[in-house]
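Peer 1: Structure below; questions to follow.
Just so it is clear, none of the values below were taken in a lab; they were calculated from the coordinates. Every value quoted in this text rests on a predicted model; they were computed, and no experiment measured them. For neighbour counting, all protein chains shown are included, and Cβ atoms are generated from backbone atoms with ideal geometry for every residue, glycine included.
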Amino acid sequence: MHATKGRGVAGPHAGVAMCRFLGYVGPRVEVDALIFAPPFGLERQAWAPRRQQFGNVNADGWGIAWYDLEVRPEPARYRTTVPMWADRNFREMAPLLSSSCVIAAVRDATPGMPVEESGTAPFLSGRYVFAHNGLIDGFRSGVGTMLRRALSTERDSQILGSSDSEVAFAMLLDRIDKGAPLDLAVRETIAEIRSISAGRLNFLVSDGDQVVASRAGDSLFVSSSATPHGRATLVASEPLDDGAHWTDVPGESLVIARRDADPDLQPLS
């Protein structure tokens, strides 16, 4: 069986924490087909990732957000500190859920960060969903304080936990509030963090109509195909299967996946 870490502060194997995530946009699909059914899907990546460059198990919880734009623009979200492979409740529900846009992630907590639901991706604000694969260097030794001082009062007050990822999301939302499109908001947030510190800044963000992801520190892959109902695009930390349809996104790149369009790969800066 897969060993789990004790709850509370992340264990010693998380010294160079990393997570795994995926984003999907396209025709409506069963959630089960995205996260459980693939041979190397997110559940397996929680305990046996194949491309994870830092850490070796993602036992500190997981989460998923999915949209039903025919009902409302804001997504539903489920998240827990239970390891994904041990979460039987959602697995039973997944075949009954379908969506045209999904964001999901498994967590290996940043060193020193508590294992709590508020630190588990995806993070949610209105119609926006965010996940972070990586960490911000020096976050608990001054960098986090510097980054929070630059936030608007509104976005700072909405931070619930202590994770670096939630602060990065607040930074991104400040830019969206000022009118920046998702891709520009991601670029500017990464640039601001890098002006203060280093880190691994693979971001994944969606508004329900598009998925934007950065490769800035770890692996990122994209798969896109035409279906009878439109184009389906997956962006993931690592391939969900061994098919030749996966493209290894170059480092320092941005992926923009929109409905009914080929994914657009651009330089990050």
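Peer 1: Please state the relative contact order of the chain as a whole percent: Cα pairs under 8 Å, 6+ residues apart?
Peer 2: Taking the mean separation of contacting Cα pairs over the length of the chain, I get 22 percent.
Peer 1: Same structure, new question: Given a Förster distance of 41 angstrom, what is the FRET efficiency for ASP260 paired with ARG88, based on the Cβ-Cβ distance and rounded to 0.05?
Peer 2: Efficiency at R0 = 41 Å is approximately 0.70.
Peer 1: Right, here's the next one. In Å, what Rg and Dmax follow from the Cα atoms of the stretch 71-137?
Peer 2: According to the Cα coordinates of the stretch 71-137, Rg and Dmax are 13.2, 40 Å.
Peer 1: Nearest 0.05, what FRET efficiency do THR145 and ALA76 give at R0 = 30 Å with Cβ-Cβ as r? All intermediate terms of the calculation are to be shown ahead of the outcome.
Peer 2: Details: r = 33 Å, r/R0 = 1.11.
So, using R0 = 30 Å, E works out to roughly 0.35.
Peer 1: Please compute the net charge surrounding LEU135, taking Lys and Arg as +1 and Asp and Glu as -1 over other residues with Cβ under 9 Å from its Cβ.
Peer 2: -1
Peer 1: Another question, then. Would you mind pulling out the separation of the Cα centroids of the stretch 115-146 and the stretch 218-269, in Å?
Peer 2: Centre-to-centre (Cα) distance: 23 Å.
Peer 1: Then there's this: The stretch 17-267: percent of C-alpha pairs farther apart than 25 Å?
Peer 2: More than 25 Å apart: 36 percent of the Cα pairs in the stretch 17-267.
Peer 1: Please grab the % of Cα pairs in the stretch 133-222 that end up more than 18 Å from each other.
Peer 2: On the way: 1645 of 4005 pairs.
More than 18 Å apart: 41 percent of the Cα pairs in the stretch 133-222.
Peer 1: In the stretch 79-160, which GluC sites (Glu not before Pro) fall in coil by DSSP and have 14 or fewer other Cβ atoms within 10 Å?
Peer 2: Of the GluC sites (Glu not before Pro), not one in the loops of the stretch 79-160 has a Cβ with at most 14 other Cβ atoms within 10 Å.
Peer 1: GNM, the chain, Cα, under 10 Å: largest mean-square fluctuation among GLY179, GLY161, GLY26?
Peer 2: GLY179
Peer 1: Please list, by residue number, every one of the trypsin sites (Lys or Arg not before Pro) in the stretch 111-202 that is coil in DSSP and has at most 14 other beta-carbon atoms within 10 Å.
Peer 2: Here the sparse-neighbourhood loop sites are LYS178.
Peer 1: With each run of n ≥ 4 DSSP H residues scored as -39500 (n - 2.57), what mean residue ellipticity at 222 nm is computed for the chain after dividing by its residue count and rounding to the nearest 500 deg cm²/dmol?
Peer 2: Rounded to the nearest 500, the figure is -6000 deg cm²/dmol.
Peer 1: Can you give the FRET efficiency for ASP241 and ASP137, using 1/(1 + (r/R0)^6), R0 = 45 Å, r = Cβ-Cβ distance, to the nearest 0.05?
Peer 2: Efficiency for this residue pair is about 0.85.
Peer 1: So, one more: Which percent of the Cα-Cα distances in the stretch 46-95 go past 13 Å?
Peer 2: Distances greater than 13 Å cover 65 percent of the Cα pairs.
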